[in-house]
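**Q** Input: one structure, supplied below.
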Amino acid sequence: QVQLVESGGGLVQTGGSLRLSCVVSGGTFSRYAMGWFRQTPGMERQFVAAMNWSGATIIQGDSGKGRFTISRDNGKSTLYLQMNSLKPEDTGVYYCAASTTIATQYKEEYKFWGQGTQVTVIS
C-alpha cells in the first residue's frame, strides 16, 4: 500500500534548474528516511542525496554537491530535490526511495521506491 510518486522532471538546458517532488502515501512519511537515486541505461543506480526523518542528517552524493539540495515537508508527505546549475551529466531517471531504518547512500537499505521521473539536460 505504500506508494511513492515522483514528478518534476523534464528537459532543460545546461545551467537550468528543476525541482523534483516525491509524494508518499500509505505509510508514515514523517518517520521514513528518504533518498534520491539516479539511473542511466547500462549503469548501476547511483546515490544522489538522502535525509533522515527530521532533517538532522543529510547525506550528499559527490555529483550534486554545491548544486543539489534535498528537503522534505512532513506535513505534505513530500520529499524534494532542488537541482540547480544542471549539467548534461545529471541526465537520468531519478527515483525517490523510503527507508524504515536509516538515511544512507546504499540503495539496499531502502524498502520502497517510486516509478522514477526523467531528467534530461542538453547543451
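**Q** Could we say that THR40 is open to solvent by 30 Å² or more (accessible area, probe 1.4 Å) and closer than 21 Å to GLY10 by Cβ here? Before you say what the answer is, go through the steps one by one.
**A** Values: open to solvent by 30 Å² or more (accessible area, probe 1.4 Å): yes; closer than 21 Å to GLY10 by Cβ: yes.
Yes: the conditions hold for THR40.
**Q** On to the next question. Quick check: anything in the range 103-116 over 20 Å from SER25 (Cβ atoms), touching a residue at least 40 places away in the same chain (Cβ under 8 Å) and in a strand (DSSP E or B)?
**A** no
**Q** What strands (runs of 3 or more DSSP E), lying completely within the range 1-77, carry at least 3 residues that are on the phi < 0 side of the Ramachandran plot, in contact (Cβ under 8 Å) with a residue 60 or more places away in the chain and not hydroxyl-bearing (Ser, Thr, Tyr)? First the steps, then the outcome.
**A** Values: elements: 3-7, 10-13, 18-25, 33-39, 46-51, 58-60, 68-73.
Strands (runs of 3 or more DSSP E) meeting the threshold: 3-7, 10-13, 18-25, 33-39.
**Q** If you scan the range 82-100, which residues turn out to be over 18 Å from GLU44 (Cβ atoms) and touching a strand residue (DSSP E or B) at 6+ places or on another chain (Cβ under 7 Å)? Steps first, answer last, please.
**A** Step one: of the range 82-100, the residues over 18 Å from GLU44 (Cβ atoms) are 82-88, 98-100.
Matches in the range 82-100: GLN82, MET83, LEU86, LYS87, PRO88, ALA98, SER99.
**Q** Report, by residue number, each residue of the range 46-76 that is within 25 Å of GLY26 (Cα to Cα) and open to solvent by 30 Å² or more (accessible area, probe 1.4 Å).
**A** Initially, the range 46-76 is screened for residues within 25 Å of GLY26 (Cα to Cα), giving 47-58, 70-76.
Once the filter is applied, which keeps residues that are within 25 Å of GLY26 (Cα to Cα) and open to solvent by 30 Å² or more (accessible area, probe 1.4 Å), the range 46-76 yields PHE47, TRP53, SER54, ALA56, THR57, ILE58, SER71, ARG72, ASP73, ASN74, GLY75, LYS76.
**Q** Same structure, new question: Anything in the range 29-51 that is among the hydroxyl-bearing types (Ser, Thr, Tyr) and closer than 21 Å to LYS107 by Cβ? List them, or say none.
**A** Of the residues in the range 29-51, the ones among the hydroxyl-bearing types (Ser, Thr, Tyr) are 30, 32, 40.
Hits for the range 29-51 are TYR32, THR40.
**Q** Can you name every residue in the range 1-37 that is surrounded by fewer than 16 Cβ atoms within 10 Å (Cβ to Cβ), of a type in the set (A, V, I, L, M) and modelled with pLDDT of 95 or more?
**A** So in the range 1-37, the residues surrounded by fewer than 16 Cβ atoms within 10 Å (Cβ to Cβ) come out as 1-3, 5, 7, 10-11, 13-17, 19, 25-26, 28, 30-31.
This time we only want the ones that are of a type in the set (A, V, I, L, M), so: 2, 5, 11.
Result: VAL5, LEU11.
**Q** When LYS87 is evaluated against the numbered criteria (1) within 18 Å of CYS22 (Cβ to Cβ); (2) modelled with pLDDT of 95 or more; (3) surrounded by fewer than 20 Cβ atoms within 10 Å (Cβ to Cβ), which criterion, by number, is the only one it fails?
**A** So the condition that LYS87 fails would be (1).
The values are calculated or read from the model by the stated rules, or taken from the named source; none is laboratory data. What you see is a predicted model; the values in this text were computed from it and never measured. Glycine also receives a Cβ, built like all others from the backbone with ideal geometry; neighbour counts cover every protein chain displayed. Ligands, DNA and RNA are stripped out before the accessible areas are found, and what is left, the full protein with its side chains, is counted by its heavy atoms. Shrake-Rupley method; radii C 1.70, N 1.55, O 1.52, S 1.80 Å.
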